[in-house]
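Take a look at the structure below.
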Amino acid sequence: MLSREDNDLLTRIGPGTPMGELLRRFWLPALLASELPEPDGPPVRLPLLGERLVAFRDTDGQVGVLDEFCAHRGTSLFFGRNEAGGLRCVYHGWKYDVAGRCVDVPSEPAGSSLREKIRLRSYPVRERGGLVWVYLGPPERAPGLPEFEWLQVPAPHRRVSKWIQETSYLSGLEGEVDSAHFSFLHRWFDPSQLPMPLQRQGLSWRDPAPRLTVHETDYGFVYGSRRQVGAEGYYWRVNQWLLPTHSMTASPEPLLGGRAWVPIDDATTWTFAYSYHPDRPLTEEEVSRIESGFFFPPRLIPGTFRPAANRDNDYGLDRARQRATNFSGIWGVNNEDRAVQESAGPIPDRSREHLAASDRAVITARRTLLRLVRQLQDGIEPALPHRPDCYAVRPFDVVDAEEDFERLIETHRDRIVLRPARAT
Ligand code: FES
Ligand SMILES: [Fe+2]
């Protein structure tokens with residue numbers, strides 16, 4: 001369980017909140033680059049961390065992320081005209097560039113110096129890996145982008161997506177470091193019926209009570225879930241959790257993948273997902289499997305980022321299917337995840353939980369975040385944002401006779417750490 005106070009501390013992320021401040025020390029995925037496909041195209045609303053922002057791509061192709069509301073009298077710049085190097089408010093024509101500078105005030109007399117005094121809040125932006133990343137923290141502390149492998153590969157090697165989850169970021173993050181649920185929520189009675197091969201993952205269904213071991217690292221932790229699978233030994237899933245809200249879980253081979261939870265506000269979250277192959281472009285079959293909506297991302301309501309299976313239709317729950325086909329009765333892995341997580345409410349009362357041995361990684365993630373939040377409240381800045389090389393890691397899964405997690409990760413170290421991290 002988590003006290004009400006600690007639950008609040010972790011889930012309130014608006015400007016000025018302790019957790020909001022911690023998240024603002026990291027570069028965060030903010031939108032798909034494809035949402036701003038061309039210079040001078042339509043701006044998009046970007047609600048993020050309890051702030052209302054607007055994003056646009058200017059004439060030179062630069063992306064700007066600004067306060068959504070015009071400095072003059074607060075009109076939303078979503079309605080703005082994106083033209084000739086800036087976003088122009090349609091109310092009285094004030095215009096802003098990607099840095100938030102007011103570059104034109106046509107409603108004022110010629111010679112007015114007003115525009116020199118006007119500046120709209122703007123945030124640093126980077127485009128990498130098919131995403132637009134934003135840094136909302138103190139400008140003097142801006143770190144480097146995390147050196148995830150999927151950000152380094154050519155675009156055809158990778159697929160990125162995003163959708164809305166109707167919970168706090170913490171519920172999504174906790175589901176991700178909860179290896180035990182795979183044996184239940186995602187179980188199919190006859191794995192040959194699965195619409196995509198889950199290969200070794202299906203071994204999870206042979207042992208419902210995995211043993212979890214967490215190995216803390218500079219970036220968060222790597223954790224192993226060990227399941228007995230008969231004479232061959234153990235099925236090990238070795239997953240990564242990376243601060244502040246990233247995870248990489250062993251995916252159906254040969255692709256690698258992961259997700260990040262970025263708060264829209266306290267109760268709603270952007271989920272970003274990526275799949276990639278380190279060495280070659282994705283095949284057509286791999287792309288169509290990703291786009292099928294069975295895994296990540298889910299199928300979306302066209303023209304929106306809201307999943308088609310959602311709370312309004314009970315996520316497509318089918319009781320006949322629940323009896324005969326799969327444990328949940330819901331089609332699709334993320335649909336299942338959102339159904340269980342959203343059903344607990346946007347911010348569950350964690351003081352009423354009964355945590356168990358299978359929650360070891362969840363407990364460690366909370367403890368780590370709480371420690372960093374409290375340290376930051378005491379003026380101690382997190383070191384990790386300034387060590388972007390720490391993010392060059394992978395998850396993996398394996399059937400192995402080894403029973404000890406520490407020895408397992410030592411043996412398979414070259415599958416986990418892509419290059420040695422620099423010392424602090
Ligand atoms: S409110 Fe934007 S120009 Fe007046
Ligand atoms: Fe899941």
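Every read-out reported here was derived from the displayed coordinates using simple, explicitly stated rules and does not represent laboratory data. In this text, all values refer to a predicted model and were calculated from it rather than measured experimentally. Glycine gets a Cβ as well: all are built from the backbone with ideal geometry, and neighbour counts include every protein chain shown.
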**Message:** Suppose a student asked you for the relative contact order of the chain, using Cα pairs under 8 Å spaced at least 6 residues apart; what percent would you report?
**Reply:** 19
**Fill in**
Expressed as a whole-number percentage, the relative contact order of the stretch 226-312 with C-alpha contacts under 8 angstrom and at least six residues apart is 13
**Complete:** Rounded to the nearest 10, the angle in degrees between the Cα long axis of helix 333-343 and the longest principal axis of the Cα atoms of the chain comes to 80
**Fill in**
In the neighbourhood of residue 377 defined by beta carbon distances under 15 Å, the net charge of the other residues (Lys, Arg +1; Asp, Glu -1) is -1
**Message:** If the elastic network links every pair of Cα atoms under 10 Å, which of 161, 225, 34 fluctuates the most in the Gaussian network model of the chain?
**Reply:** 34
**Fill in**
Here FRET efficiency (C-beta to C-beta, residue 288 to residue 319, R₀ 35 Å, nearest 0.05) is 0.75
**Asked** Let a ≥ b ≥ c be the square roots of the eigenvalues of the Cα gyration tensor of the stretch 359-424; is it rounded (a/c under 1.5), or, if not, prolate (a/b larger than b/c) or oblate?
**Response** oblate
**Prompt:** Let a ≥ b ≥ c be the square roots of the eigenvalues of the Cα gyration tensor of the stretch 245-390; is it rounded (a/c under 1.5), or, if not, prolate (a/b larger than b/c) or oblate?
**Reply:** oblate
**Item:** Sum of side-chain charges, residue 402 neighbourhood, beta-carbon under 14 Å (Lys, Arg +1; Asp, Glu -1)
**Value:** 0
**Given 11 as the ceiling on other Cβ atoms within 10 Å, longest exposed-site-free region of the chain for trypsin sites (Lys or Arg not before Pro) in DSSP loops** = 74-421
**Prompt:** What is the extension gain from residue 81 to residue 121, computed as 0.36 nm multiplied by their sequence separation minus the C-alpha to C-alpha distance, in nm to one decimal?
**Reply:** 12.6 nm
**Request:** Enumerate cysteines in the chain without a disulfide-compatible partner, where compatibility requires another Cys Cβ under 4.7 angstrom.
**Result:** 102, 390
**Request:** Once you've got the GNM for the chain with C-alpha springs shorter than 10 Å, pick whichever of 40, 397, 318 has the biggest mean-square fluctuation.
**Result:** 318
**Item:** ³J(HN,Hα) computed for each position of the stretch 358-369 - Karplus, 6.51 cos²θ - 1.76 cosθ + 1.60, integer Hz, glycine/proline x
**Value:** 6, 9, 4, 6, 4, 4, 5, 4, 4, 4, 5, 4
**Charge dipole of the chain about the Cα centre (unit charges at C-beta), most positive-ward option of 131, 3, 288** = 3
**Prompt:** Is the chain rounded, prolate or oblate when judged by the Cα gyration tensor, a ≥ b ≥ c being the square roots of its eigenvalues, rounded requiring a/c under 1.5 and prolate requiring a/b larger than b/c?
**Reply:** prolate
**Asked** Separation between the residue 104 and residue 90 pseudo-spin-labels, each 7 Å from Cα along Cα→Cβ, expressed in nm?
**Response** 1.6
**Asked** With each label point set 7 Å from Cα along the Cα-Cβ vector, what nm distance links residue 232 and residue 378?
**Response** 4.7
**Asked** What residue among 154, 263, 109 shows peak mean-square fluctuation when the chain is described by a Gaussian network model with Cα springs under 10 Å?
**Response** 109
**Request:** Work out from phi, with θ = phi - 60° and the Karplus expression 6.51 cos²θ - 1.76 cosθ + 1.60, the ³J(HN,Hα) of each residue of the stretch 229-242, listed in order in whole Hz, and give x for Gly and Pro.
**Result:** 10, x, 4, 5, x, 10, 8, 9, 9, 10, 10, 10, 10, 10
**Request:** Quick one: check the C-alpha center-to-center distance for the stretch 25-85 versus the stretch 340-374, whole angstrom.
**Result:** 33
**Message:** For the stretch 387-416 and the stretch 272-330, what is the centre-to-centre distance using only Cα atoms, to the nearest Å?
**Reply:** 28
**Request:** Could you run the Karplus curve 6.51 cos²θ - 1.76 cosθ + 1.60 with θ = phi - 60° over the stretch 185-194 and give me ³J(HN,Hα) per residue in whole Hz, x for Gly and Pro?
**Result:** 3, 9, 7, 10, 5, 10, x, 5, 7, 4
